[in-house]
Structure formats: C-alpha cells, structure tokens
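Each remark here refers to the structure printed beneath this line.
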There are 2 protein chains.
Amino acid sequence: MKTSEIKRYFPILDWSRDYNKDTLFSDLLAALIVTIMLIPQSLAYALLAGLPAEVGLYASMLPLVAYAIFGTSRTLSVGPVAVVSLMTASAIGHIASIGSVNYLEAALLLAFLSGVFLLGMGLLRMGFLANFLSHPVISGFITASGIIIAFSQLKHILGIHAEGENLFHLLQSLFNNLSHINLATVAVGLPALVFLFWVRNGLKPILMNMGLGDKSASMLAKTGPVLAIVATSFAAYSFDLGDKSVALVGHVPNGLPSFHLPVLGHEAWRELMMSAIFISIIGFVESVSVGHTLAAKRRQRIVPNQELIGLGAANIAASVSGGYPVTGGFARSVVNFDAGAVTPAAGFFTAIGIALAALFFTPYLAYLPKATLAATIIVAVLTLIDFSILKKTWGYARSDFVAVLTTLVVTLALGVETGVACGVLASLALHLYKTSVPHMAIVGEVPGTEHYRNINRHTVITHDEILSLRIDESLYFANAGFIEDKIYELLERRPDVQHIILMCTAVNEIDLSALEALESINHRLQDSGITLHLSEVKGPVMDVLNKTDFITHLSGNIFLSHHLGINRILEQYAEKSQSSNDWNI
Amino acid sequence: MKTSEIKRYFPILDWSRDYNKDTLFSDLLAALIVTIMLIPQSLAYALLAGLPAEVGLYASMLPLVAYAIFGTSRTLSVGPVAVVSLMTASAIGHIASIGSVNYLEAALLLAFLSGVFLLGMGLLRMGFLANFLSHPVISGFITASGIIIAFSQLKHILGIHAEGENLFHLLQSLFNNLSHINLATVAVGLPALVFLFWVRNGLKPILMNMGLGDKSASMLAKTGPVLAIVATSFAAYSFDLGDKSVALVGHVPNGLPSFHLPVLGHEAWRELMMSAIFISIIGFVESVSVGHTLAAKRRQRIVPNQELIGLGAANIAASVSGGYPVTGGFARSVVNFDAGAVTPAAGFFTAIGIALAALFFTPYLAYLPKATLAATIIVAVLTLIDFSILKKTWGYARSDFVAVLTTLVVTLALGVETGVACGVLASLALHLYKTSVPHMAIVGEVPGTEHYRNINRHTVITHDEILSLRIDESLYFANAGFIEDKIYELLERRPDVQHIILMCTAVNEIDLSALEALESINHRLQDSGITLHLSEVKGPVMDVLNKTDFITHLSGNIFLSHHLGINRILEQYAEKSQSSNDWNI
C-alpha cells in the first residue's frame, strides 16, 4: 500500500501531524460540553432502544475512538441517536422480548452486522447507493420517526404500559391503558418536560442578561437535561418515588464494558440482516448530511466512501464493547462544532469523559426517573418533526410531494423499515414513470440565432415540410413504444411533412429496445415517403450507433447541429425547384 | 357513453360494418387452416400445462370469440401458447398436484384472475407498464422458457418420469430416471420428432415440386403435426401400444365444456394472484408484439389498452368455459395472417372448427400417444430459442447484455417467475445506475457556428475564464451528489475559471434534491468568486425553477442559448477591460 492510500484509509494520520496545544485546548473544551450533553442522551436513547441505560454509555465510548481514527469529518459526534435507536428497537422487537439477554445480544449483533455492512460498502466504494435516498424520502422518514418516538415516550411520562411498532397501534395501546395513569410519575415527568421545553429557548436570554456571552450562554443552555436529571433524581431519592411506582433507571453496573463478540446463532444473523442494512443506510445518510453541512462551513470536505469505513468501524467497536448501533447525530455534532472542536480528537476526549462517567457516576443513576429521560427524548425529537417539507414539495413538484407523503404515511402506519423502503421505491417508480412518458417539443428557429426552441413557448421560424422534434429524454425500453406512437400521432396531424428531424440534445442513451423502435420508425416513415433525420447526436450515443447497421438503414442523415440539418434540407429543396425550373425553360 | 367510446371498447363494431362475401371467404379459409394447426397445438399445450387434453380444446373456443369482439388486432390468433402453458404449470404446481381436481380448478382460477387483471389494466389504461419489460429481458426469457419446455417434454419421448421447475432439477431428474426408458415409446416419439423436424423445411419444396403454389405448399406443410397424430394414433391402435406402457391421451370427454365460475377459496386466490399477474404481463407483451408486427404489415394499428381488454375478456371466457390462461400466439397468428385472414371473424370461425372437433373427433384421440404431442411441442418451441440476442447485445451495449444474461440464467436456474422478475429489476437497476453517474462534457464553440460540442471530440473554441459544462442527464436525487462532486473536481483543475455555465440541453427535470444541490453549488462557487450560469434551460424545467427562489439566489444568469451566454460574458469582460483602460488613461 502506498502512503497516500494508507492516509486515505486512516484520516487520523492527516490531522494528527499538525496537532498542537491550541487544537488540544479547543478539542478538550468541546469534549467537555459534548460529554455533559451526551450522558443524558446516551441513557435516554438506550431506553428508547429498549436497552439497559448503561448500553447507551458503552455505545458512547469505543465507537467515538474508532470514528476518530477512520472518519473524515472533523466535527461529527458519533454515538447513539434517536432514529437509529427507534430502528434498533423495531428490529430487535421482532426476534426477542425486551429485557431478555437475547435482546441485548441481538443489539450487539445488529451493531456488528451494521458495521460489517458499512465497512464492506466503504471498501467496495458503494457510497453512491445512498444517493438513491432522495431528500423528500429522508425528510418524510425523519419527521415520521420523530412523531413515533415522541408518542412512544409518552408512556414513560404517564407511567403506563403501551406497545406498538406503528403509530396506530401505539395510540390505541396508550388510549387503552390511560386509566392506569400513575400520578406520581406524571408529577415528575410533566415538570421535566415543561422545563426542558422552556430551557431550549428560554434559558439562553436569561444567561445572556446575567452577562454571559452569546456562545457561552448557548453552551450552558445545553446543560438543561443534566439539570433536569439531577433535580428529578434528587426528588426521587428524597420522596422515595420508587416505592410510589415511579419507574427508575435502577442499578446501573459500575465500570467499563466487557469485551466480547456477539454470540447469537445463524438464524438471528439472517433475521437481523435486512434491519442492519436499513439501519446502516439511514444512519449513513443522516451522518453524511450532517458531516457535509458542517464541513462546508469550514471549507473542509468529507469523503463519503471513507465515512462508510469510519461508521463501520464505529459500529463494530460498539458491538464488541457492549454497545448498540451508532451514527453521527445532528444536534450533538452542531454543539461539538459550535463549541469549537477542531479535530476528531474531541470525540476521543468525549469517549474518555463518558468512560469516567461510567466509572464514577453510575451509582447516582439508580434514582433517575425514566420519565425524565423520556422528556429529554421528546424535546430532542420535536426538532426532527418538520411538516414544512410537505408544503415545499407541493409547491415544487408533485412527484417530490408524493415521495414525502408516501414515506411519511407508510412509516407512521406500517413502521420504519417498511416506510423507508416504500419511500425509496415510490421515488424511483415516479422517476421511471416520468422518463417513460417523456416531454417532446416541436421546435423552430429563434430568429437571428441558430438556436431551436419549442414552437409553443417562443416565436420561431418553422417550415411546413420539415418537422423538427426535440425528444426530452434518453431513449430506452420504458419509453421507446411511447415515443414511436407519439411520432406517428404527430405526423397524422401534419400531412405536408416530408422530413422529420429528431433533435437528440437530450438523448443521452439509446438502448437496444429503443434502437429497434427507431429502426421500425425509419421503415414505416420510409414507406410513407417521409425521410427520417437525426441531429445533435452526442458522442457517446454516436459511438454506440456506429456499431450497428442503423446508420446505413437510416433514410436521412445525422446532422452535427439542428441548424445545419434544416439548412441542408432547405438547400436540397431549392436545388430541386431550381432543376425543375431548368426543365421548364 | 358516446358512440365513439362504445366503438373504442367494441372494435367488432368497427370491422363488422364492412363485412362482405369476400372477407367471409378469406376468413373461412384462414380459419380452416388455423383449426387444423390448433387442434394438435391445443392438445399439446394442455399436456405441457399438466392439464387434460380437452382443456386445450376448451381454451380454443370461447376465448377466441371473446377476443373477436374486444380485440383490436385483425389477425391475432388467441389460444393456448407454449410459454404461458409452462408458466401455468409452474404456478399451479406450487399449490396443487397434477391430475387432481384442484389442479384443474386452479387453472380455471388462474385464467380468471389473469383475465380480471388484464381487464383492470385495460380499463385503467395501464398498458404502458408493459414497456418496462425491455426487449433484452423478453428475448432472454423466451429463449430460457423454450429450453425448459423442450427438456420438460423429453420425458414423454423417452417414456420416463421427470419433474423439476428449473432446468437443473429437470436434467437431474431426467438423468436419474434414464434407466427406466420405454423403448416402445421411443419407437413412436423419435420418428414423430424426426418427421416433424423434417416437415418444417422439407415438405414445402416437395409440395412445390408437385406443382403446388408457394402459398398453398406453405399452408399444407403446416398440417405436418396432424399427419403425425393420425399416423402415430393408428400405430398405437394397430400395435396395442397402450398395453406396452406407451402413454396415450386416453379417454377425452366428448362435447362442449360446461360453464361454471372457478370455485377455489380465498387462499388459492392469494396464492395464485402473483402468478396471474406474471402470466398476464408476459402474455400481453408477447401478444402485443405479434399484433404490432402483423398490423404494421397491412398499415393497421393495434391499441395496447384495448388489447388488454380483449385479452382480459378472452381469459375470463377461458375460465368460465373450462379452459386455462390464453394469449396471442406467434406462429399461429403468422399462419392466420398468411392464410389470408382479414378480420377477427376468422378467430370466431376457428372457434367453431374447434367446437366441431370437440363434438366429433375426441373418440379418435384415445389412442394418440403423448410422445407425439411432446414432439410437436419440442419442434414448436425450438423456434423460440435464439441465442443470437446474446451476441447482438454484447456488441451493442453491456447493460443490454447483462439484462439478457440475467434473465436467461435466472429463468433457467430458478424458474420462470423469478427469471422475469430478476430480468426486469436488473434492467431497471442498470438504467438507474447509468443515470446516477451521468456523462458530462466540457464544450466549446464549433467554429463558424453557434453550436457547442465536447472539447475532446471536436475542434472547438474555448475561453480560459469560462467553463462550459454540458450535463448529459436530468438532475435528480440519484445523481445530484455525483454532479456536485464532479463540478468541484473540474474546478480544482481549472483555477483560472471565473464563470461556469451549465448547458442544460439534456436536463429534462430538476427535482427538489437536485435543486438543493444546485443551491449549494451556487453558494460555494460564490464564496470562491466564481459565477454560476445556466443556459438552454427547457420550458418545463424553467416553469419549475420559476416557482422557487433559486433564480434570485443564482449568482449569474440563465441564458436562452449557450452561445448568447458566452457572448454576453465576453462582452462584460471587454467592457471591464475597456473601463479599466479608460481609468488608466
């Protein structure tokens, strides 16, 4: 392997060279703030995934170190995130019941499979596949996930049981159990929820009034969840809320995770494989989009295929150290960025911070009410819910709107995996449908130029005996028949036409099915005494046509430019009428 | 409903008006020849589908009448065909065992579901969906089906048992049972096979030597299978071959089918639904392609959506009259056409011919060896097998080749339904992949014109400060990221560039994901002091862009033609240097 290749696979070699005291200080400060934010988040998202609280902490140590070595984003904060936690719960829920050892092992296995899949995609340079998740599909999916997550956490605030993978079942279950509402739990959860809502926007101005700078106030406001945790834990301890049926986190093992490979059998592998792929792709797309956004702000670049390797390494690290699937989180990465993180070393220091927390703070978590964690989740995911994409796409293009709506509705109605799969299929189907019924324009010369445009939109010069037709799509199997029919239809309405020139500016490909359609058009027009020409055929298309007999069969010519073609045909007419004049003389 | 609409749904009203003695005579003659051809075919294809021989006859009566009323092809011969018979056997084989009543009822139900699906597609005008079956996929599928059918009939020629839905299992089963070969059966089957092979090309010249005209000789040569049937039936009767373990057709009930609706329960519906859809689509595509070819020869047209209705009606007719799925057959339709059929009434008369056969000839079928029918099938399907498509697509485009090969191999290895599904998915995936990594060309002015072409293929005029980039694809979610990366890459190699013009001749759509990519390109270039322009944006794309803020954000202009754009930018430079000159003075 060459040095450049080694560097490509180990971005740490790139940024660690210039590491100095200044960057160390910046990274340390950012790590401190992110650690304070990540402790409640990691506990809460583990709860959302149906896992013991400590699993969230474990997923916030080694994965960060792995990403710091292999990742290309300087400021991405890898770890547990809401959407992937929901998908984890949904995936494992199928094969194991919550709380059992199997459930935990399944989470490890899921992270492992996810990591291997991401790593494989990265090494095979298949990052481009993520492009097939369109922006509307991602938006619809994230909003729907946010709604499901928020409602799934309501049970913890109300102190009732409720299950359901899709929104309908969830609401039904919540409603059915509403009579068992636990008032002591509500007494903890509701204030925590209100406080966290308020803290999002209300704390910062107060801190600024107290003389803090804009940035410090912002950062300090992020400690809201920690305040809520301390306050409600203290309340739970003081008022013995555990005895009043308020669900507490309970005993959290002290110390660092033990290392072992996931142990479930082949069947579990098979059953979790599809879910691992879904989680990987969603996690990757979310992470890359955050990474791109932050990198652009500092004129840095991230390399999607290396990001796959970084996230793959992070997930494998999670799986061997008692964690569960992780990816780059939006809110946390923004905080990391704003707090001044300069290199991935900030992630490394964050991992140390979490490790210290796991070593020394876990005893204090025993009295932490689950309602508080649920409140932090609800407040966090509300930022994910954004219906404005519906309005935006409605105004822009119906196909984008349908893609959003399909993803949104199916995710809510049938769950996360079905939702994202249907969204991708819907957006691909819409795209294919559009290309199967392409736009075509009869074009004419824009006066004073050699440019040809749609006769319905521009004032242009046309000729009765020549039909200039621009086909606005590559010719391939799905539209070959449609185009053939359209040409015949047009010619029926234009009996004077003796020449038809297909302007191929938008024809980027002619596949075999389309070539056969062209052959058939050519023969049929020839029988009717109409000459078929092509113009502005692109190089790559011409290369392919040159391999066939089509050009020798073609009744007319292939012109370099449409303008040349029109002129050549008109010249022929002039010559003909000239020679017939000669004859008359 | 208006008269024109009624006529659209009942094409019979169109052609029956002009019906006269001449057309009657032509149709009657064609019907006679097709009937003689159809009797052995219908018996043989029923055998192929695993059904009693009479089911083939029943499928050749009412369906032909239904198609004569609703179909738009004047000469299509509807009835049992090889590929659909194979698909029927494969579909029903999953849910019932051959020979049981359930098997027969399942065939009726399959025809019914198929008919309803076709009818529904026709009424909803969804015929365009069939376009997604590309020519390479159909070719690969038909060839693979022909191979499977030919090998599946070998057991009848050899007098052994063999089962297997895919080629591998079939060959294995044939090989394992080879020791049980029945020599008496081979003594019938092999001569029949050799005779039918010979008759395909050998009989016609002899008949012509005997003084018959080209056409009459052709027609008479089609009676080969009937001769084989008569001869082998006579042999079976004379030598008591039934006692020598030669499989005979046996008792065939005399008379017309009884009418009843298919009776299987809901579970059978569910299980057969997917197969019915596959059979419908394959049958429709095959039928329409035959119909198109024949109609074109007489300057007639067929209407795909009405064809769906015609074939739907034919299949429903088959299901209520004891038949099984039918469609338009290639060989038979060509014979019908060549024999001079003028209207679908020929199909109607053929139905009467088959009904007469069912009423009076069935007793004679008792001694007909199944080996003879197998021989007619083998000889018929060998015309389907055509490997030249592999060579043709290899030379034309690798993506077409991959589509053929995938369909061919998967059909042989995993069966007909999986084969066609994988073929369609492969061809769509290849198309999507190609559009996700579009071709882009840096273009320059072709001297003496206003035309811009690829700098690598043409001698063109370029300017250092302007990058003219033609993007050869619509901008959509699958390629937005790729295009963005490519543009940055190009600009890194061209540090002098101050203006970039994206030439949008091939951009037929800009979806929301692509619009966001354009916004991001625009901002990033603006930061680097590069102005982004677009040129030759098409009407429909411009309509969409006009709904957004993009145009106000765009740092440069949108030019009607690329040439205008280049000139405008150069003028600005000229003015600037002019004014800086003024300043210097």
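The values are calculated or read from the model by the stated rules, or taken from the named source; none is laboratory data. Just so it is clear, the structure is predicted and the values come from calculations on it, not from any experiment. Don't worry about glycine lacking a Cβ; one is built from the backbone with ideal geometry, like all the others, and counts go over all protein chains shown.
At-a-glance table
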| quantity | calculated |
| --- | --- |
| Residues being away from chain B (no Cβ under 11 Å) and either touching a His at 6+ places or on another chain (Cβ under 6 Å) or closer than 20 Å to A:Leu490 by Cα (or both) - total across the stretch A:419-444 | 2 |
| Test for A:Leu62: is it out of contact with any Gly (no Cβ under 8 Å at 6 or more places or on another chain), touching a residue at least 24 places away in the same chain (Cβ under 8 Å) and either assigned by TED's automatic domain parsing to the domain that holds A:Met219 or within 30 Å of A:Val249 (Cα to Cα) (or both) | no |
| Considering residues of the stretch B:457-480 that are polar (S, T, N, Q) and surrounded by fewer than 24 Cβ atoms within 10 Å (Cβ to Cβ) only, the residue farthest from the other protein chains (Cβ to nearest Cβ) | B:Thr462 |
| Any hit, the stretch B:177-197, residues being assigned by TED's automatic domain parsing to the domain that holds B:His266 and farther than 24 Å from B:Thr376 by Cβ | yes |
| A:Gly189 vs. criteria on the phi > 0 side of the Ramachandran plot, buried (at least 18 other Cβ atoms within 10 Å of the Cβ) and not polar (S, T, N, Q) | no |
| Failed item in (1) more than 8 Å from chain A (Cβ to nearest Cβ); (2) exposed (fewer than 13 other Cβ atoms within 10 Å of the Cβ), with B:Lys547 passing the rest | (1) |
| Top-ranked residue in the stretch A:447-456 [being touching a Ser or Thr at 6+ places or on another chain (Cβ under 7 Å) and surrounded by 17 or more Cβ atoms within 10 Å (Cβ to Cβ); ranked as farthest from the other protein chains (Cβ to nearest Cβ)] | A:Tyr452 |
| Sole exception among (1) touching a Leu at 6+ places or on another chain (Cβ under 6 Å); (2) closer than 19 Å to A:Ile282 by Cβ for A:Ser399, by number | (2) |
| Any chance A:Ala221 is among the small types (Gly, Ala, Ser), over 35 Å from the mean Cα position of the chain (by Cα) and assigned by TED's automatic domain parsing to the domain that holds A:Leu38 | no |
| Residue within the stretch A:318-331 that is in contact with a Phe, Trp or Tyr (Cβ under 6 Å, 6 or more places away or on another chain), surrounded by fewer than 22 Cβ atoms within 10 Å (Cβ to Cβ) and in a helix (DSSP H, G or I) present | yes |
| Criterion (closer than 19 Å to A:Ala374 by Cα and either of a type outside the set (S, T, N, Q) or out of contact with any helix residue (DSSP H, G or I) (no Cβ under 6 Å at 6 or more places or on another chain) (or both)) met by exactly one of A:Leu227, A:Leu207, A:Leu212, A:Leu203 | A:Leu227 |
| Failed criterion for A:Met274 (all others in (1) of a type outside the set (Asp, Glu); (2) without any contact (Cβ under 8 Å) to a residue 24 or more places away in the chain; (3) assigned to a helix (DSSP H, G or I) hold) | (2) |
| Tally, over the stretch B:253-271, of residues that are outside any helix (DSSP H, G or I) and free of Cβ contacts under 8 Å to residues at least 40 places away in the same chain | 1 |
| Hits in the stretch B:371-389 (condition: within 17 Å of the chain's Cα centre (by Cα) and either assigned to a helix (DSSP H, G or I) or surrounded by 24 or more Cβ atoms within 10 Å (Cβ to Cβ) (or both)) | B:Val381, B:Ile389 |
| Within the stretch A:21-128, helices (runs of 4 or more DSSP H) holding 1 or more residues that are among the hydroxyl-bearing types (Ser, Thr, Tyr), within 17 Å of A:Gly329 (Cα to Cα) and touching a strand residue (DSSP E or B) at 6+ places or on another chain (Cβ under 6 Å) | A:62-70 |
| Failed item in (1) modelled with pLDDT of 90 or more; (2) more than 20 Å from the chain's Cα centre (by Cα), with A:Leu104 passing the rest | (1) |
| Members of the stretch B:135-184 that are buried (at least 23 other Cβ atoms within 10 Å of the Cβ) and part of a loop (DSSP other than H, G, I, E, B) | B:Gly159 |
| Yes/no for A:Asn131 being of a type in the set (S, T, N, Q), within 14 Å of another protein chain (Cβ to nearest Cβ) and outside any loop (DSSP other than H, G, I, E, B) | yes |
| Among (1) of a type outside the set (Asp, Glu); (2) crowded, with 20+ Cβ neighbours inside 10 Å; (3) without any contact (Cβ under 8 Å) to a residue 12 or more places away in the chain - the single one B:Phe117 does not satisfy | (3) |
| Some residue of the stretch A:49-56 being at pLDDT below 90 and within 19 Å of A:Gly146 (Cα to Cα) | no |
| Lone unmet requirement of (1) surrounded by fewer than 24 Cβ atoms within 10 Å (Cβ to Cβ); (2) within 20 Å of A:Thr372 (Cα to Cα) for A:Tyr19 | (2) |
| Members of the stretch B:421-436 that are surrounded by 19 or more Cβ atoms within 10 Å (Cβ to Cβ) and either modelled with pLDDT under 90 or of a type in the set (Ser, Thr, Tyr) (or both) | B:Ser427, B:Thr435, B:Ser436 |
| Selection status of B:Gly481, within 48 Å of the chain's Cα centre (by Cα) and at pLDDT below 90 | yes |
| Evaluation of A:Ser520 against (1) under 35 Å from the mean Cα position of the chain (by Cα); (2) part of a helix (DSSP H, G or I); (3) within 9 Å of chain B (Cβ to nearest Cβ) (one fails), failing number | (1) |
| Verdict on B:Glu519 being on the phi > 0 side of the Ramachandran plot and either in contact with a helix residue (DSSP H, G or I) (Cβ under 9 Å, 6 or more places away or on another chain) or at pLDDT 95 or above (or both) | no |
| B:Pro63 buried (at least 19 other Cβ atoms within 10 Å of the Cβ) and touching a Leu at 6+ places or on another chain (Cβ under 8 Å) | no |
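Table: residues versus (1) over 40 Å from the mean Cα position of the chain (by Cα); (2) of a type in the set (Asp, Glu); (3) within 13 Å of chain A (Cβ to nearest Cβ).
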position: B:Gln498; (1), (2), (3): yes, no, no
position: B:Met503; (1), (2), (3): no, no, yes
position: B:Ser513; (1), (2), (3): no, no, yes
position: B:Glu516; (1), (2), (3): no, yes, yes
position: B:His533; (1), (2), (3): yes, no, no
position: B:Val541; (1), (2), (3): no, no, yes
position: B:Phe559; (1), (2), (3): yes, no, yes
position: B:Lys576; (1), (2), (3): yes, no, no
